[in-house]
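Participant: Could you have a look at this structure, given as structure tokens, before my questions?
Every number here is computed from the coordinates shown, using simple stated rules; none is lab data. Everything numeric here is computed off the predicted structure, so don't read it as measured data. Reconstructed Cβ throughout: ideal geometry from the backbone, glycine too, with neighbour counts over all protein chains shown.
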Amino acid sequence: SLSIESETRDLNGFLADSRKFADSGVLAKRGASMTVYQINAGGHSGANVMTEFYYPNADAMPSPDVMVASQAHIDTFGTNPRDDDNVRATFYQNIHFVAPGDPNRYRVFIGYSVKATNSDYVSQIKEIMSDFATGNEAYGINEVVAGGLNGETHLVWWAYDSQASLMKDLERTRARYDEVVARLTAAREILRTVVVTSVLQSATPE
């Protein structure tokens, strides 16, 4: 996936432009999809919106000339006069994904940008996440392919149906938090925590 964080002074206009782009069909033709998230906390350098493009395989990636050959791309990203500044772009590869039930019910995400300092980190965090999960949340691990900030190597995330569910789960696991921190101290450094809510989603065609 390609994750782009932006700062916009016109969220309604940004969403309208994103909806028009999603409805153009240029992503669906390749089997790709996109989601726009409002950043509730933890955006880089003032970013308040994040657009995530999902590519199920290499063939779903855009062509090298897409920014000059696709009118939808030109209108949305090339000549759009809205005052939007992209402040971060990162390519991730999902390496672990668990989502019980309908994936579309998960709207609120908390993500931990991590700099792994130990080769055993991924296996350790997989075990911990599986142990903490109740079956009412989704979770996963994304590995940085390119981009990231401050040496980020992974994004570890949990997903919920609401912010209330997120907060209740944090309260549920609070007693074990210190235990996990101590266990992983030598394996990783947490660079930032971010909370986002999905506000626009284009589904990949079946």
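Participant: Between residue 201 and residue 177, with labels modelled 7 Å along Cα→Cβ, what's the label distance in nm to one decimal, could you check?
Facilitator: Each label point lies 7 Å from its Cα, and together they span 2.7 nm.
Participant: Need the C-alpha centroid separation for the range 110-161 versus the range 3-33, integer Å.
Facilitator: Each part reduced to its Cα centre gives a spacing of 26 Å.
Participant: What percent do you get for the relative contact order of the chain when only Cα pairs under 8 Å and 6+ apart count?
Facilitator: It comes to 31 percent, rounded to a whole number.
Participant: Do you know the Lys pair count in the chain for C-alpha distances under 29 Å, with sequence separation 8 or more or different chains?
Facilitator: Total qualifying Lys-Lys pairs in the chain comes to 4.
Participant: Taking Cα atoms, how many degrees apart are the long axis of helix 121-132 and the longest axis of the chain, rounded to 10 and kept between 0 and 90?
Facilitator: Approximately 80 degrees, to the nearest 10.
Participant: Follow-up. Please build a GNM for the chain, connecting alpha carbons under 10 Å apart, and tell me which residue among 22, 182, 138 fluctuates the most.
Facilitator: The residue with the greatest mean-square fluctuation here is 182.
Participant: Let me ask something additional. FRET efficiency for residue 63 and residue 120, Cβ-Cβ distance as r, R0 = 35 Å, nearest 0.05?
Facilitator: Details: r = 39 Å, r/R0 = 1.11.
Here the calculated transfer efficiency is 0.35.
Participant: Hey, another quick one. What number, rounded to the nearest 500 deg cm²/dmol, is the helix-based mean residue ellipticity at 222 nm of the chain, given -39500 (n - 2.57) per DSSP H run of at least four residues and division by all its residues?
Facilitator: -8000 deg cm²/dmol
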